[in-house]
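Heads up: the structure comes next, in structure tokens.
The values are calculated or read from the model by the stated rules, or taken from the named source; none is laboratory data. Everything numeric in this text was worked out from a predicted model, so none of it was measured. Using ideal geometry, Cβ is built from the backbone for each residue, glycine included, and neighbour counts are taken over all protein chains shown.
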Amino acid sequence: MGYRFSDLTAACQDDWRAYVEHDFVRALGAGTLEPGAFRHYLQQDYLFLVHFARAYALAAYKSQDLAELRQAFDGLKTILDVELDLHIGFCRDWGIDEADLAALPEARATLAYTRYVLDAGSRGDLLDLRVALSPCLVGYGEIAGWLAEQPFTVRGEANPFEAWIAMYESEDFQAAMRAERAWLDARLAEVTPARFARLAGIFRDATRLEIDFWQMGLDRAD
């Protein structure tokens, strides 16, 4: 029996829990996150999405067949035509206009994470790249689900971050998360133990960089 995505999270379960249950996430759910911290996170997350789009362009280059190429193209198009527009609108609701976003400097946590993902994909193959990206795509879906189950989570207008939670627990995002997990499960089932160990290292590093990204928002760090 081969490996699955759940084996990646099991290989770094303490880091994965620290990411999914981070203080930033908890404060989002409780509605107690300091607005300036959320605004800083939103700005840097816009920059991350730009690099996320670049990663999908790299995924197209790394594709081995037409199906993978189409999948990469669809992902790139979704980020450029849907997610970035939604994010810009979300930022506007928080008093951040598009001109401000275009002029933003990247925080060190943003630089470290995005360049790590692109480097992992450049050095490796498509599976390396998508494993490096998976803490974001799969992780945000799991975080939304985890928050929905917590007694401290405040829903509706009483929580200023309700729209963020709702975005990632939406059926569209959850379907994208399930599709990514299915793709990873199919590819991981075919790898050797040595190959899995290398992939688990990539996943662990990316998860730790996600933790740093939350902390960057919490601290409003440059």
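Below are the figures for this structure:
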| item | result |
| --- | --- |
| Some residue of segment 121-129 being of a type in the set (D, E, K, R) and either within 26 Å of residue 94 (Cβ to Cβ) or within 18 Å of the chain's Cα centre (by Cα) (or both) | yes |
| Failed item in (1) under 18 Å from residue 48 (Cα atoms); (2) in a helix (DSSP H, G or I), with residue 222 passing the rest | (2) |
| In segment 28-53, residue farthest from residue 129 (Cα to Cα) [restricted to those that are of a type in the set (S, T, N, Q) and surrounded by 16 or more Cβ atoms within 10 Å (Cβ to Cβ)] | 43 |
| Any hit, segment 54-74, residues being surrounded by fewer than 16 Cβ atoms within 10 Å (Cβ to Cβ) and closer than 19 Å to residue 215 by Cα | no |
| Verdict on residue 215 being touching a helix residue (DSSP H, G or I) at 6+ places or on another chain (Cβ under 8 Å), without any contact (Cβ under 8 Å) to a residue 40 or more places away in the chain, in a helix (DSSP H, G or I) and surrounded by fewer than 19 Cβ atoms within 10 Å (Cβ to Cβ) | no |
| Among (1) in a helix (DSSP H, G or I); (2) without any contact (Cβ under 8 Å) to a residue 60 or more places away in the chain - the single one residue 210 does not satisfy | (2) |
| Options 84, 28, 80; residue that is at pLDDT 95 or above and within 25 Å of residue 162 (Cα to Cα) | 28 |
| Matching helices (runs of 4 or more DSSP H) fully within segment 98-163 where at least 1 residues are among the acidic types (Asp, Glu) and modelled with pLDDT under 95 | 98-102 |
| Among the residues listed as 23, 14, the single one being among the acidic types (Asp, Glu) and in contact with a helix residue (DSSP H, G or I) (Cβ under 8 Å, 6 or more places away or on another chain) | 23 |
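Every residue, every condition in (1) part of a loop (DSSP other than H, G, I, E, B); (2) basic (Lys, Arg); (3) surrounded by 15 or more Cβ atoms within 10 Å (Cβ to Cβ); (4) without any contact (Cβ under 8 Å) to a residue 60 or more places away in the chain, yes or no:
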| residue | (1), (2), (3), (4) |
| --- | --- |
| 167 | no, no, yes, no |
| 175 | no, no, no, yes |
| 179 | no, no, no, yes |
| 195 | no, yes, no, yes |
| 199 | no, no, yes, no |
